[in-house]
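Q: Sharing a structure with you now.
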Amino acid sequence: MKLYSYWRSSAAYRVRIALALKNIPYEIIPVHLLNNGGEQKSESYEKLNPNHLVPTLVDGELVLNQSLAIIQYLDEKYSDTALVPKDISERAIVNSLALDIACEIHPLNNLRVQQYLSNEIQVADENKTKWIHHWMNKGFSALEKRLEATAGNYCYKNEITIADLCLIPQVYNANRVGIDMTQYPIISSIVERCNSHKAFIDAMPENQVDAL
């Protein structure tokens with residue numbers, strides 16, 4: 001199994017956590033998102049992922065993009081450590097929490113959006129930071145309210161789920177851009193708990209082979 005990954009990619013980070021939690025052996029294939037205009041835009045990588053994004057998982061003949069689809073595949077293939085509940089209603093709640101992060105927060109501040117703001121419409125760095133802070137805080141504020149009803153030790157009760165796999169990388173990004181996470185005490189407590197877990201530590205950006 002091969003994972004095309006960039007050490008600081010939030011989406012790749014999610015998949016690395018899943019692989020670590022499930023103790024699945026795999027090979028990291030680094031794809032540097034900045035070198036030479038972005039290695040994700042190379043002709044060879046485009047054949048794997050025409051979206052020019054990471055991660056991409058290759059498992060034999062299967063080639064998958066989209067982190068949540070990859071995690072779902074891993075969860076169904078390696079089911080001993082489940083990342084979503086079996087109960088249909090609980091599973092829907094967990095998936096909705098994950099999508100709140102992966103679809104509502106992350107896309108508005110990922111690398112290619114930031115590059116477009118800077119390079120194509122010449123948004124000043126100060127205003128780009130305001131953009132990122134606005135959308136992250138809006139998303140985290142809503143998520144914090146949802147977690148009041150769902151959280152135990154983790155995003156949903158007391159088991160690690162796909163929602164936690166989405167949350168940790170997003171908070172990592174938030175810390176990088178200077179978001180004050182103390183205003184989100186439930187999120188902060190979940191992050192602290194997750195980041196003491198070996199699988200989350202192994203998946204951290206700084207612990208990757210391509211970390212700079």
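Q: Give the residues of the stretch 29-88 that are among the hydroxyl-bearing types (Ser, Thr, Tyr), crowded, with 19+ Cβ neighbours inside 10 Å and within 13 Å of Val15 (Cβ to Cβ), sorted by residue number. Reasoning before the result, please.
A: From the stretch 29-88, those among the hydroxyl-bearing types (Ser, Thr, Tyr) are 42, 44-45, 56, 67, 73, 78-79, 81; that's our starting set.
Still in the running and crowded, with 19+ Cβ neighbours inside 10 Å: 45, 56, 67.
Correct list: Thr56, Ser67.
Q: Quick check: is even one residue across the stretch 161-177 more than 17 Å from the chain's Cα centre (by Cα) and of a type outside the set (Lys, Arg)? Walk me through how you get there before you give the answer.
A: Here is the first cut: in the stretch 161-177, the residues more than 17 Å from the chain's Cα centre (by Cα) are none.
The answer is no; no qualifying residue exists.
Let's see how each residue does on (1) among the polar types (S, T, N, Q); (2) in contact with a Cys (Cβ under 7 Å, 6 or more places away or on another chain); (3) in a helix (DSSP H, G or I):
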position: Glu148; (1), (2), (3): no, no, yes
position: Asn153; (1), (2), (3): yes, no, no
position: Pro169; (1), (2), (3): no, no, yes
position: Ser189; (1), (2), (3): yes, no, yes
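Q: Given the criteria at pLDDT 95 or above, crowded, with 19+ Cβ neighbours inside 10 Å and part of a strand (DSSP E or B), does Leu3 qualify? Give the steps one after another, and end with the answer.
A: On the way: at pLDDT 95 or above: yes; crowded, with 19+ Cβ neighbours inside 10 Å: yes; part of a strand (DSSP E or B): yes.
So Leu3 passes the test.
Q: Checking Ala149 against (1) more than 17 Å from Ile105 (Cα to Cα); (2) of a type in the set (A, V, I, L, M); (3) surrounded by 17 or more Cβ atoms within 10 Å (Cβ to Cβ), only one condition comes out false. Which one?
A: Condition (3) is where Ala149 drops out.
Q: Against the definition (in contact with a strand residue (DSSP E or B) (Cβ under 7 Å, 6 or more places away or on another chain), of a type outside the set (A, V, I, L, M) and either in a helix (DSSP H, G or I) or not assigned by TED's automatic domain parsing to the domain that holds Asp75 (or both)), how does Asp210 come out, yes or no?
A: Numbers: in contact with a strand residue (DSSP E or B) (Cβ under 7 Å, 6 or more places away or on another chain): yes; of a type outside the set (A, V, I, L, M): yes; either in a helix (DSSP H, G or I) or not assigned by TED's automatic domain parsing to the domain that holds Asp75 (or both): yes.
Taking the combined requirement at face value, the residue satisfies it.
Q: Give the residue that is surrounded by the most Cβ atoms within 10 Å (Cβ to Cβ), with candidates limited to residues of the stretch 178-212 that are farther than 21 Å from Ser141 by Cα and aliphatic (A, V, I, L, M).
A: Here the residue is Ala203.
Q: Same structure again: Could you check Glu104 against (1) over 28 Å from Glu27 (Cα atoms); (2) surrounded by 17 or more Cβ atoms within 10 Å (Cβ to Cβ); (3) acidic (Asp, Glu) and say which number it fails?
A: Of the numbered conditions (1) over 28 Å from Glu27 (Cα atoms); (2) surrounded by 17 or more Cβ atoms within 10 Å (Cβ to Cβ); (3) acidic (Asp, Glu), the odd one out for Glu104 is (2).
Q: On to the next question. Consider only pairs whose beta carbons are under 6 Å apart and that are at least six residues apart or on different chains; among these, list those whose first residue lies in the stretch 164-177 and is surrounded by fewer than 20 Cβ atoms within 10 Å (Cβ to Cβ) and whose second residue is of a type in the set (Val, Ile, Thr).
A: Val177/Ile132
Q: Closer than 14 Å to Leu97 by Cβ and either among the aromatic types (Phe, Trp, Tyr) or outside the structural domain of Asp100 (by TED's automatic domain parsing) (or both): does that describe Tyr172?
A: Details: closer than 14 Å to Leu97 by Cβ: no; either among the aromatic types (Phe, Trp, Tyr) or outside the structural domain of Asp100 (by TED's automatic domain parsing) (or both): yes.
No: the conditions fail for Tyr172.
Q: Against the condition in contact with a strand residue (DSSP E or B) (Cβ under 6 Å, 6 or more places away or on another chain) and either closer than 23 Å to Leu167 by Cα or assigned by TED's automatic domain parsing to the domain that holds Asn137 (or both), how does Pro107 come out, does it pass?
A: Working: in contact with a strand residue (DSSP E or B) (Cβ under 6 Å, 6 or more places away or on another chain): no; either closer than 23 Å to Leu167 by Cα or assigned by TED's automatic domain parsing to the domain that holds Asn137 (or both): yes.
The answer is no for Pro107.
Q: Restricting the stretch 100-159 to residues that are aliphatic (A, V, I, L, M) and farther than 30 Å from Lys41 by Cα, which is farthest from the chain's Cα centre (by Cα)? Walk me through it before giving the result.
A: If we filter the stretch 100-159 for residues that are aliphatic (A, V, I, L, M), which is where we start, we get 101-102, 105, 108, 111, 113, 117, 121, 123-124, 132, 136, 142-143, 147, 149, 151.
Okay, now just the ones that are also farther than 30 Å from Lys41 by Cα, so 142-143, 147, 149, 151.
Details: Ala142: 18, Leu143: 15, Leu147: 18, Ala149: 23, Ala151: 19 Å.
For the stretch 100-159, the residue satisfying everything is Ala149.
The values are calculated or read from the model by the stated rules, or taken from the named source; none is laboratory data. Note that the structure is predicted; figures quoted are calculated from it, not measured. Cβ sites come from the backbone with ideal geometry, for glycine too, and all protein chains shown count toward neighbours.
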